[in-house]
Every structure is written in C-alpha cells, then in structure tokens.
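Taking it in order: structure first as structure tokens, then the write-up.
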Amino acid sequence: MKAVNFPKSAVPFSLAISLFSAALCSFAQTDPGPRGGPAGAGGTFPVLDNTNSTTNAADLAFFAAVLQRFQEVDSVSGTIESGSGLGPTFNGNSCSMCHAQPALGGSSPGLSSPQNPVPNPQVALATLHGANNTPPSFITAHGPVREARFIHINPSNPGAGLDGGVHSLYTIAGRSDAEGCTLQQTNFAQQLAQNNVSLRIPTPLFGLGLVENTPDATLEANLAGTAAQRAALGIGGTFNTSGNDGTITRFGWKAQNKSLIIFASEAYNVEQGVSNENFPNERFPSGTPQSVVASCTFNATPEDATNIFDPTTGVTTGSASDMSSDVVNFAATARLLAPPAPTTASASELNGQAMFSKVGCNLCHSTTLTTAASIFPALSNMPFHPYSDFALHHMGANLADGINQGAAGPDQFRTAPLWGVGQRLFFLHDGRTSDLLQAIEAHSGSTHCTTIAQSEVCGSEANMVIEKFNSLPASMRQDILNFLRSL
C-alpha cells in the first residue's frame, strides 16, 4: 500500500495529539542504563577476622586462592587448558565465563558493559578447539549467557510428562581433545518451534555468604512482619524448602538449592559437565546409545574430587585451597564475595528510595536482613541489604517459565535480590530485556487463569504494586529507576 504523506499544515489534529502524547510517554522516564565507573563488587570483606591479624591474612590469602580457582578453564582431560572434566555436554568452560559483570562473581557479561564490554563468550565457545556446534538462535554476540530447560518431555504429547531439566547447548564432539566422540548437539530449533524451551541467565554471587548464614527464623519473621501489608496488595509469599530436612532453600532462580556447595556442585555438573563428589555421574542426554557414551567418556569419575594426595608424589601437600575440590573452592568464592556497594546519594536517588517503599516494592524486595553467628567474624550477626525476602511469589503468565523446582511452580520465582542491579546488563530470569523499566512492567500480568505446564496460573502478585508505580508522576518513576541504578 502506498504511504500517504500529510503536509505539515494538513496533519489531522487527533493524529498530532496522539503523536505528542506518545512522545511524552516515551520520554517520561528512562532507564539510565548500567552504572559506569569502577565495579561496585568483586572483592571480599576487608577484614574477615577482626580478632587476629595473622588469621585474617590467612583468610585473605585463602580468598585469593579460591578466586583464582574460580577462573580455571576446563578442557576435556586437562591437556589443553589446566582444568579437566569438560563435557560430554556443556554450556561453558569456566565459572568466570558466566559470572563476570561488573566483576568476577557477577552475572552475564555483555557488549554494553561500561566496565568490560565483551561479546557473549558462548558464541566462540561453540567451535573452540574444533568443536562442531552451532550456537542456538537464542545465543547471540549481543545477548546474555543462557542455559536452556525443556518444559515437556515430549511437547507433541503433553501427557508424556514434564521435563524441567537443563539441556546443554554444546557437546565435545569434534574437539581436538575429544577424538572419536560422536555425541550430537541437541536440536534446539525443533524445540523452539514447539515452544518447549525455557531460558535462564546466571545469577550474581556477590554477598551470598550473608544469605547462606541467615537463619530460617529470620526469613520467616521477615515475611510474617509484612503479612497484612502484602495481603492488602494481593501479595502472597511462601518459601521453597528441602525435601530432606524441611529447611528453607534460597539459591537459584526458584530458590531450589539449599547451600552454596550444592549450588556450585550442580552448576559444575550441569553447566560444564564436570562430575564431582556431590554430582558424581556424567550427564548424557536421555536415551544416548551406549556406544556414544563410550566414545565420549574420557575420564574416571568423579572428575573433581578432594585432592587427598599428589598423584605424582603420593604426598599430601598444599594449602586448604589446593587440597579442596573445585566445588569447595567455588562455594568459598561465593561465600566470601562481599555484597555490592551502592552509590545512592543524589536527591533523585534518595527520593526514589522512599518511593520504592511507598508503592510497595519493599514488601517482596526486603531491604534489610541480619545473619547469625559465623566462623568468619565479618559475616557474623551482620545486617545486610539484599532487597529480597528470598520467598517464592506467583508472577503470572507473562513471566511463567513452565518449570517446577521443589515447591516452586511454573510461574513462581524467588524474589530476585536487587543489590548490584545498577551494574547489571540483562534482567529477568531469561534475560529478555536490558531495560530496567521494561523489567518492572513485566512484573504485571493478566488476572485471567490459564494452564501452564499442567498447573493453573492466575495473574501476578505484583499487579497492584505495578499499578501504584504507574500512577506516580513521571518524575517519581524516574527517581525510582535512578535509585535502582544506584544499587
């Protein structure tokens, strides 16, 4: 159809008003974008032991050692890079590959980083050392690091049951250190065409030692303390718990992991394919023929284990970090990383902080919690500010990922901690947006019920809060965005 160009004097009045209104809306408030300057995170607590300078020096040396191990790059058998155990399937080859923004321990790196702009490393990883993988369509140079889960075992037959597990992006087939491996890459295009893929991005690790050391009773009291206010705004909240001991689990997008050692061990096995003392078996796709398993198995298991003795000399040597397994080092890294440092100072940011609570964001994004006693004095009885209640909330069909984990249903997520959000590049569990305002608006959802992954989903608990946010003057909404980017 031929376009019609109105002369300036002939633009219909109603169209002019609509265009003017649209312009006002588009410029009403804007995400300031990831905060520049030095990374506000990535180091440890200045004094881990404030009672003994010698002990503190040892603690700081231990942190330096575990952080070094965190950056280890894995190859299949340690013949190319220093680490070993990669594959047979994998999403990455190093913890630091995924947890990099704005510093080691953070979330996904990206080209828009003011601190370290780099393309998504998963693109180059597809063919590293001769591997014959093709990046799926959801892995792009400008996008975030991602993992993929499948919702249904067989999307053509929903009655076959739910899947929910991670399906690794790549295999080691074709790599120069995996000669003879014939394991084929998963057909993600087919699964995407059947709407069966649920994506997730890495969660930051900063301050997690404080989270781990927060008593269940503190979390429960914090949630109970806002029960009436939350009920008035249609907000629920419940905790995911361990099926073994009934205690609160708190790590991962759905708070599915109990501790940092379990969190690290699962990630090492699922993301890098390294078997370890907590997840001791190699991960092959279900139904992989034994002949293919044999062709792609190169190491004894578990590939990562406690270094009881030097295999060359037979003598036990080394520091605590040297003798510990990789996963113990990884968990210690997360445990000892200090929380992000906010920069809230301007009048706009301070007003945004007040408005954040006024509209009710703080009813899920709790501002302050306190730890129990810790073997590290710096983490002991410490008030901290994660902006999370670590509880599960129904977020509705707009954010539902169709994945069940523990008590968390297909539209339930742990309240994402907001500390450090000022320097993050991608938002929401799947990294669908880099715009903080869009991420806020995505929290609202239709109140109509629908069935997702065999469960009924009926709207977002955040709806009334988002309505209150949207009812604020544009300048106040901008203040909230400025405040969030100061965290």
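The selection criterion, being touching a strand residue (DSSP E or B) at 6+ places or on another chain (Cβ under 6 Å), buried (at least 21 other Cβ atoms within 10 Å of the Cβ) and either modelled with pLDDT of 95 or more or among the hydroxyl-bearing types (Ser, Thr, Tyr) (or both), holds for Asn133. Note on the stretch 153-200: residues that are over 18 Å from Phe284 (Cα atoms), in contact with a helix residue (DSSP H, G or I) (Cβ under 9 Å, 6 or more places away or on another chain) and not in a loop (DSSP other than H, G, I, E, B) total 1. For the stretch 40-74, filtered to residues that are hydroxyl-bearing (Ser, Thr, Tyr) and free of Cβ contacts under 8 Å to residues at least 24 places away in the same chain, the residue that is nearest to Leu205 (Cα to Cα) is Thr55. The numbered conditions (1) out of contact with any helix residue (DSSP H, G or I) (no Cβ under 6 Å at 6 or more places or on another chain); (2) at pLDDT 95 or above; (3) not small (Gly, Ala, Ser) are all true for Arg335 except (1). Filtering the stretch 374-388 to residues that are under 23 Å from Arg414 (Cα atoms) and touching a Lys or Arg at 6+ places or on another chain (Cβ under 9 Å) leaves Leu379, Ser388.
Within the stretch 45-71, the residues that satisfy the criterion of being more than 27 Å from the chain's Cα centre (by Cα), surrounded by 13 or more Cβ atoms within 10 Å (Cβ to Cβ) and among the β-branched types (Val, Ile, Thr) are Val47, Thr55.
Candidates in the stretch 415-451 are the residues that are under 19 Å from His99 (Cα atoms) and assigned to a strand (DSSP E or B); of these, the one that is farthest from the chain's Cα centre (by Cα) is Thr433.
The residues of the stretch 452-464 that are touching a residue at least 24 places away in the same chain (Cβ under 8 Å), farther than 22 Å from Gly252 by Cα, out of contact with any Leu (no Cβ under 6 Å at 6 or more places or on another chain) and outside any loop (DSSP other than H, G, I, E, B) amount to a single one, Asn463. Within the stretch 269-297, the set of residues being aliphatic (A, V, I, L, M) and under 24 Å from the mean Cα position of the chain (by Cα) comprises Val270, Val274.
Within the stretch 341-392, the set of residues being among the acidic types (Asp, Glu) and either surrounded by fewer than 20 Cβ atoms within 10 Å (Cβ to Cβ) or within 25 Å of the chain's Cα centre (by Cα) (or both) comprises just one member, Asp389. Check Ile153, Ile172 and return the single one that is surrounded by fewer than 20 Cβ atoms within 10 Å (Cβ to Cβ), over 20 Å from the mean Cα position of the chain (by Cα) and within 30 Å of Ile261 (Cα to Cα). Within the list Ile153, Ile172, the selection yields Ile153. Of all residues in the stretch 268-292, those that are assigned to a loop (DSSP other than H, G, I, E, B) have Cβ atoms under 9 Å from Cβ atoms of residues that are of a type in the set (Ser, Thr, Tyr) and surrounded by fewer than 18 Cβ atoms within 10 Å (Cβ to Cβ), 6 or more apart or on another chain, in Ser275/Thr301; Glu277/Thr306; Pro280/Thr301; Asn281/Thr301; Glu282/Thr297; Glu282/Thr301; Phe284/Thr297.
Within the stretch 224-267, being under 16 Å from the mean Cα position of the chain (by Cα), in a loop (DSSP other than H, G, I, E, B) and of a type in the set (D, E, K, R) holds for Arg250, Lys254, Lys258. Count of the stretch 345-361 residues, restricted to those that are without any contact (Cβ under 8 Å) to a residue 24 or more places away in the chain and either closer than 22 Å to Leu208 by Cβ or among the aliphatic types (A, V, I, L, M) (or both), is 2.
The values are calculated or read from the model by the stated rules, or taken from the named source; none is laboratory data. Model, not experiment: these values are computed from the prediction. No Cβ is skipped: glycine too gets one built from the backbone with ideal geometry, and neighbour counts run over all protein chains shown.
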